[in-house]
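The values are calculated or read from the model by the stated rules, or taken from the named source; none is laboratory data. All of these numbers come straight from a predicted model, not from anything done at the bench. Counting neighbours? That spans all protein chains shown, and the Cβs are built from the backbone with ideal geometry, glycine included.
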Amino acid sequence: MKTISTQCRGLLLGLLVSIMLTACSTLPLGWSSSATRSDNPAAYEEALALMDSGHLEAAETILLRLTKRYRRSAGPWINLSIIYSQTERNDQAEEALNRALELDPRSAVAYNHLGILLRRDGRFEKADQAYAKAIRFDPEYSLAYLNYGVLADLYLQQPERALVYFQRYQELQGEEDQRVRRWIIELERRVARKTAQVSP
């Protein structure tokens, strides 16, 4: 299997640093996939505001209380997983996402975050499955395509798949992301070289 050249890898890793700020970071999530912020309970709004301002411990306390009061809502669990991930409690983050998915088995956001955790833990096949579910349940969820592209290229060494995911991400964004555009150009070059090498 051919690997990415040192020069190309340097370029891609440089782009990765900036892209991952978008691909892996997440603003606090609403109460449910269909809710607007005006639908959220006041305590939940308080937790989101605390997360926005970096007061994670206080937000965690409120969210834990909400999981007991609103036992059928996935939103608090997903936001707890974000807090756990940001504070390097990855086992708890994964457990929180699993709880969210028990409550909302079609949550693309939860599957996207699960894919990130699994990739970071080196469980690439399971991350692949998580991203696939994210885009199956919400084909217009752009961040799932972005994260899927990163996984496919840098971790699964499948540039053809990565190219498809990044192109779809750009389509959904509406306004072209120049960082991803540079990655796409590099992928197109590699895919073209690979195709030329196998042609008779």
- Just one of (1) modelled with pLDDT under 95; (2) not in a helix (DSSP H, G or I) trips up P105, so point out which. (1)
- Note on the structure: Reported set for the stretch 112-142 where residues are surrounded by 24 or more Cβ atoms within 10 Å (Cβ to Cβ) and closer than 15 Å to V164 by Cα is Y131
- Go through S85, S53 for me and flag whichever is closer than 30 Å to Q178 by Cβ, of a type in the set (G, A, S) and surrounded by fewer than 19 Cβ atoms within 10 Å (Cβ to Cβ). S53
- Message: Tell me which helices (runs of 4 or more DSSP H) are completely within the stretch 116-200 and hold 3 or more residues being more than 24 Å from I82 (Cα to Cα), in contact with a helix residue (DSSP H, G or I) (Cβ under 7 Å, 6 or more places away or on another chain) and aromatic (F, W, Y), or say none if there are none.
- Response: none
- Residue satisfying all of: in the stretch 91-111; farther than 15 Å from N79 by Cβ and within 12 Å of the chain's Cα centre (by Cα); surrounded by the fewest Cβ atoms within 10 Å (Cβ to Cβ) among these: A108
- Item | Selection status of T61, in contact (Cβ under 8 Å) with a residue 24 or more places away in the chain and surrounded by fewer than 14 Cβ atoms within 10 Å (Cβ to Cβ) | no
- Note on the structure: Those residues of the stretch 121-176 that are touching a residue at least 24 places away in the same chain (Cβ under 8 Å) and of a type in the set (D, E) come to a total of 6
